Amino acid sequence: MAYTLGIDIGTYETKGVLVDETGTVHGQATRGHQMLVPQPGWAEHRPEEDWWGDFVHVSRTLVKDSGIDPADIKAVACSAIGPCMLPVDATGTPLMNGVLYGVDGRAEAEVNELTDRIGEDTIIARCGNALTSQSVGPKILWLKQHRPEIYAETAHILTSTSFLVQRLTGEVVIDHYTAANFSPLYDVTTQSWIDDLADDILPLTKLPRLLWSNEIAGHITPAAAAETGLAAGTPVTAGTIDAAAEALSVGVDHPGDMMMMYGSTIFIILRTQTRAADPRIWYAPWLFEGEHASMAGLATSGTLTHWFRDQVARDLDVAEAFPILAQEAAGSPPGANGLLMLPYFSGERTPIHDINAKGALFGLNLTHTRGDIYRALIEGIAHGTRHVTDTFAELGQSPTRLLAVGGGTKNALWLQATSDITGIDQIVCEKTVGASYGDAFLAALAIGAVERNDIAKWNPALHMIPASPRAEYDTAYTLFRRLYAQTKDIARELG
């Protein structure tokens, strides 16, 4: 039997899966790591330990525990958090920690500098996206301005997935979906690297070669085989960002399909018929040539639940904390007994793109319980999610089908609150393995072992979370928007 391997590097955990051509899972493995926050507004990973080290550990574990002959693993695909910014030298050795996606806001000054210089309208017209903390271009400029000694040694700027592919194959590549986040260095119309908008950021020769996600980037080298336990010569795809692989894993494949990923952040991908251009959301070519997608993401979601557990529920055993907190929150009524929370604990990404946004809990009195506060936290994330879905609706891009995926789908309260607050039904598929499962499908697709519509057989719909819209949630959402608007100036003064 033939197998494919998918491995995904997440914000806090790496997951891998071995799958046969029918979609049956023959092995899973995980390994945890930490997100480093060296100072407020920064977010980093260690590429050697957290990215490559995790890949090696998970790969070797899967091969060993499954007993599958590495020669029977016919293709490998990986995904990872993104877009990230990692400078490497001529040998591919990292020169610093990897700077993470939109949760890292260190380049705010460079975002403003480039936007003022180029003009937002021009940037959106050429690059498809306004410059935000999600954009890699300003972070490269930050590197040049603040770490000139590292910039001078840089041979290539990689992202997390391209670093893994380079370690596996020796090839320096990036998929178009990820590259679209390198604004203002990627033109979404020509689908090529450009430097005419800002030729002082980086020579284009230092950016990876562009590929589509279903293209083979190269083959596993003998050195990589020795480390990973995989067979030398195994094909490796170009890979992609974790959220895109996760969308693929639940069958997001047609215009109108939307994925809602419940992870360390909420991330949303909507397949669209044509390119949508609006500064409040993100755009990228989809994984396959000639297709389009719009994206949105909150800055803190699952990360916020972990913060609450670690800071407010220290009396609970870590392994049992979330079920207990969910039970406590279920005892609080919709509206959390009058509590309202802004979930902006790391600023916010879409649709407000405000790195200075702050978290807030409003309405506390001595009758409130931990369950009330945890419910307010969950509902606050759901209100932030509705802000995104309302933005899509304003653009005429409402979903025809919403598929939920990620670890947060195990939290029934979170799922139901999101459906009720957004007013949108959600489909949960049979397998919620996530991005690594999408990677395995992408690997099978790249070698012609499956067709795109086979994902519906691999991962059929299991059940639906029907929306039960509530008047109190409409009122709370209006207050949520007002509370953010009224606290913006205060948040900026607080820094």
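The values are calculated or read from the model by the stated rules, or taken from the named source; none is laboratory data. Just so it is clear, the model here is predicted, and its values are computed rather than measured. Counting neighbours? That spans all protein chains shown, and the Cβs are built from the backbone with ideal geometry, glycine included. With ligands, DNA and RNA removed, areas are computed over all heavy atoms of the protein, side chains included. Shrake-Rupley method; radii C 1.70, N 1.55, O 1.52, S 1.80 Å.
A few remarks follow.
- Two-decimal Rg/Rh across region 114-184, once Rg and the Kirkwood Rh are taken from alpha-carbon atoms: 1.02
- With θ taken as phi - 60° and the Karplus curve 6.51 cos²θ - 1.76 cosθ + 1.60 applied, the whole-hertz 3J(HN,Hα) list for region 205-218 is 5, 8, 9, x, 6, 8, 9, 8, 5, 8, 9, 7, 7, x Hz, x standing for glycine and proline.
- Label-point separation in nm, ALA125 to LEU316, each point 7 Å along Cα→Cβ: 5.2
- Amide H contacts of ASP175 (H built 1.01 Å from N, under 5 Å, at least 5 apart or other chain): LEU211
- Note on the chain: antiparallel DSSP beta bridges, both residues inside, total approximately 70 percent of the bridges counted.
- Inverting the pair-averaged 1/r between distinct Cα atoms of region 1-109 gives 15.1 Å as its Kirkwood hydrodynamic radius.
- Working ranking of peptides 57-69, 366-378 by packing, defined as the average number of other Cβ atoms within 10 Å per residue, highest first, is 366-378, 57-69.
- The C-alpha radius of gyration of region 160-215, expressed as a fraction of 2.2 N^0.38 Å, stands at 1.13.
- By average C-beta atoms within 10 angstrom, highest first, the peptides 211-218, 309-316: 211-218, 309-316
- Probe 1.4 Å, protein heavy atoms only - accessible area per residue of region 218-314 in square angstrom: 27
- Taking a straight line from the alpha carbon of LYS206, these lysines sit under 16 Å away, with near neighbours fewer than eight places off in the same chain left out: LYS139, LYS144.
- Cα pair count fraction exceeding 29 Å, expressed as % - region 178-336: 42
- Proximal lysines to LYS15, defined as alpha-carbon separation beneath 20 angstrom and excluding residues fewer than eight positions away on the same chain: LYS64, LYS74, LYS410, LYS431
- Hydrodynamic estimate: the Kirkwood radius of region 43-91 over Cα pairs, inserted into Stokes-Einstein at 10 °C and 1.306 mPa s, corresponds to D of 122 µm²/s.
- Taken over the alpha carbons of region 87-236 as equal point scatterers, the Debye sum produces base-10 log I(q)/I(0) values at 0.09, 0.14, 0.16 Å⁻¹ of -0.29, -0.68, -0.86.
- C-alpha center-to-center spacing [region 249-297, region 445-480] in angstrom: 13
- Across region 8-20, coupling constants 3J(HN,Hα) worked out from phi with the 6.51/-1.76/1.60 Karplus curve, θ = phi - 60°, read 10, 9, x, 5, 10, 8, 9, 10, x, 8, 10, 9, 8 Hz, and Gly and Pro carry x.
- Surface exposure of region 391-446, expressed per residue as accessible area with a 1.4 Å probe, stands at 29 Å².
- Per residue, region 1-160 exposes an accessible area of 36 Å² to a 1.4 Å probe, with every protein chain left in place.
- Cα→Cβ-extended label distance, 7 Å offset, between HIS57 and ARG452, nm: 3.7
- Accessible-area composition of the chain, carbon plus sulfur, in percent [1.4 Å probe]: 51
- The order of the peptides 161-167, 115-121, 98-104 by mean Cβ neighbours within 10 Å, most packed first, is 161-167, 98-104, 115-121.
- Point-to-point label distance, HIS254-VAL37, nm (Cα→Cβ direction, 7 Å offset): 4.2
- Were the residues from THR274 through ASP196 laid out at 0.36 nm apart, the gain over their Cα-Cα distance would be 25.6 nm.
- Coarse-grained scattering of region 391-464 at q = 0.16, 0.20, 0.27 Å⁻¹, given as base-10 log I(q)/I(0) from a Debye sum over alpha-carbon atoms: -0.71, -0.95, -1.21
- Equivalent-ellipsoid semi-axes of the chain, from the Cα gyration tensor, Å, largest first: 34, 27, 21
- Expressed as a fraction of 2.2 N^0.38 Å, the value expected for a compact globular protein of N residues, the C-alpha radius of gyration of region 1-55 is 1.43.
- Largest to smallest principal axis extent of the C-alpha atoms in region 278-383, angstrom: 54, 30, 24
- Remark: C-alpha extents of region 184-248 on the principal axes read 44, 29, 16 Å, sorted largest to smallest.
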